[in-house]
Amino acid sequence: MGDNFEAAESKQDRQASTEKMLDKTLADSFPTSDPPSTIPNPGESDVPQENAADKLPAGMTPGSWAAVSIDSGEVIATGASREQAESIARRRGHGKFSLLQVPSKTDGTAAA
């Protein structure tokens, strides 16, 4: 009976040792040659599908423009025109942003 117990223990030790070696092999294989993508979904547009204008701060003038950081979602610049908002955002050192026009209050669409 003692031999069976020792044989079972030995088999468990071999399995544990094999698993540890596989874990080490797997760990040593990282990083892989193809790093993970840093782009959440290259097929999506820069602006999320939900209405990004809903995230603009209250009190912005209807028809004005806002530059919104793609990384943080924060408004980083505003302007009376698209060009003005973009220019201000770039002068402040931002490169990754979306430009949104504040909707008019009457019908929920952007002012012309």
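Would you check if Asp3 is among the acidic types (Asp, Glu), over 28 Å from Lys96 (Cα atoms), modelled with pLDDT under 70 and surrounded by fewer than 11 Cβ atoms within 10 Å (Cβ to Cβ)?
For Asp3, the condition - among the acidic types (Asp, Glu), over 28 Å from Lys96 (Cα atoms), modelled with pLDDT under 70 and surrounded by fewer than 11 Cβ atoms within 10 Å (Cβ to Cβ) - is met.
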What's the total number of residues in region 82-105 that are in a loop (DSSP other than H, G, I, E, B), loosely packed, with under 13 Cβ neighbours inside 10 Å and more than 24 Å from the chain's Cα centre (by Cα)?
1
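The values are calculated or read from the model by the stated rules, or taken from the named source; none is laboratory data. Given the structure is predicted, the values throughout are model-derived calculations rather than measurements. Backbone-built Cβ (ideal geometry, glycine too); neighbour counts: all protein chains shown.
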